[in-house]
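> Structure provided below as structure tokens; questions to follow.
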Amino acid sequence: MSVCGSSSLSVSSEWVAQVESWLQPLADGSAPCGPDLEYDNAFLELTQAAQGKPESQFEAAVPADWRDVRRRCEKLFDVSRDLRVALLWVRAQLRLEGTASLAPGLRLLTGLMSQFWEGLHPQPDPDDGDLYARANVLALLVDADAVLADLREANLVSLRGVGEIKVRAVDIALGNISARDDENAWSRAQVEQVFADAINQGASLATDIADAQTELAALAALLGERMDHSQAPDLKPLRQTLTAIASMLPQASEEISAVADAGDGAPAISGGGQALSGRINSRAEALRAIEMVCDYLERAEPTNPAQLLLRRAGRLLGHNFLQLMKELAPDALSEVARIMGVDPSTVELDG
């Protein structure tokens, strides 16, 4: 077999198990999320390690040692549940393990905010409850010098005779960036052929990207519920990158490709690979489908208000009947609750 690293399915399962263990309350009997690490020496050393060393007059820049960063993150998860640590773990995983690690990483971010919203660090402002500290962390997901840079350098597949194919190769093939002097200027046809060969020989790329799209949609939906629109990051750059990769996978969904072809023709945001079949089988897939439709409308019909309603619909998927009434028809909630024998003051919207 000429695919290197084709055991990523089992490795990915290990990451999923690790993430799930971090989505449990701390077992030492303390607060579920442990102490705030902001002034903890180990946390300060972690943030310094993630920065590497900048170029100076006498020395070249030294990139971050991402294995060291990952090790430090995993050690801190033994004592605290912190969004800052989770984000750095996601970054380290992308640098070390490639795109196969993205779905578990996004699952970690979503799970922490879903399970531990009240106690998760960094905490909201104690005076007014403002979420700026968390917003600053999440903004790194779409920072060109943070997660977006990590994703661009992330390995997609490794093929003997070809070497590692990074997300950069997709951007180069689509004309989004120029190839460096030391790398191949891949064409779209070449990238598609490499992907097809790798998948035929056992690579899990199609599953990795589909899972990442699912987790990204779930994260977007949660942020829409928990955070004000002005503070929640727009995850569109991540979504576009994943759909661009998916468009180059073999057996791309004809339905999604047809929708993309009806848009503005931008190759970076065409069809969705194997992310969706002709049938939706889960809420996560439904959320991903909504996100893809919204992405198309943003490009092809930016003034169409349907995308606003669709995004709201995605946020409402997890609500029960009374929560829907409170969200959509708050004036009628009291009467409906009375008929159902429920105290309307007990009806709360998540977040």
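The values are calculated or read from the model by the stated rules, or taken from the named source; none is laboratory data. As the structure is a prediction and not an experimental result, all values here were calculated from the model. Here the Cβ positions follow ideal geometry from the backbone for every residue, glycine too, while neighbour counts run over all protein chains shown.
> In this structure, is A217 in the same structural domain as A286 (by TED's automatic domain parsing), in a helix (DSSP H, G or I) and buried (at least 21 other Cβ atoms within 10 Å of the Cβ)?
On the way: in the same structural domain as A286 (by TED's automatic domain parsing): yes; in a helix (DSSP H, G or I): yes; buried (at least 21 other Cβ atoms within 10 Å of the Cβ): yes.
Taking the combined requirement at face value, the residue satisfies it.
> Further question: Please verify whether L96 is surrounded by fewer than 20 Cβ atoms within 10 Å (Cβ to Cβ), among the aliphatic types (A, V, I, L, M) and within 18 Å of the chain's Cα centre (by Cα), treating the condition exactly as stated.
Values: surrounded by fewer than 20 Cβ atoms within 10 Å (Cβ to Cβ): yes; among the aliphatic types (A, V, I, L, M): yes; within 18 Å of the chain's Cα centre (by Cα): yes.
In short, yes.
> Moving to a separate point now. Inside region 28-63, can you point out the residues that are out of contact with any Leu (no Cβ under 6 Å at 6 or more places or on another chain), hydrophobic (A, V, I, L, M, F, W, C), in contact (Cβ under 8 Å) with a residue 24 or more places away in the chain and under 18 Å from D145 (Cα atoms)?
Correct list: L46 only.
> Then there is this: If you go through region 173-186 one residue at a time, do you hit one that is assigned to a helix (DSSP H, G or I) and not β-branched (V, I, T)?
Step one: of region 173-186, the residues assigned to a helix (DSSP H, G or I) are 173.
Now restrict to residues that are not β-branched (V, I, T): 173.
Yes.
> Right, here's the next one. Based on what the data block shows, is D143 in the same structural domain as D68 (by TED's automatic domain parsing) and modelled with pLDDT under 95?
It is false that D143 is in the same structural domain as D68 (by TED's automatic domain parsing) and modelled with pLDDT under 95.
> Next question. Being surrounded by 14 or more Cβ atoms within 10 Å (Cβ to Cβ) and not in a loop (DSSP other than H, G, I, E, B) is the filter here, so list the residues in region 187-204 that pass it.
Passing the criteria: R188, Q190, V191, E192, Q193, V194, F195, A196, D197, A198, I199.
> Among the candidates L112, L106, which residue alone is assigned to a helix (DSSP H, G or I), more than 23 Å from A42 (Cβ to Cβ) and among the hydrophobic types (A, V, I, L, M, F, W, C)? Steps first, answer last, please.
Numbers: L112 fails: more than 23 Å from A42 (Cβ to Cβ).
None of the other options fit; the residue is L106.
> Here is a follow-up. Quick one: Q48 ticks every box in (1) assigned to a loop (DSSP other than H, G, I, E, B); (2) exposed (fewer than 14 other Cβ atoms within 10 Å of the Cβ); (3) at pLDDT 95 or above; (4) of a type in the set (S, T, N, Q) bar one, so which box is it?
All conditions pass for Q48, except number (1).
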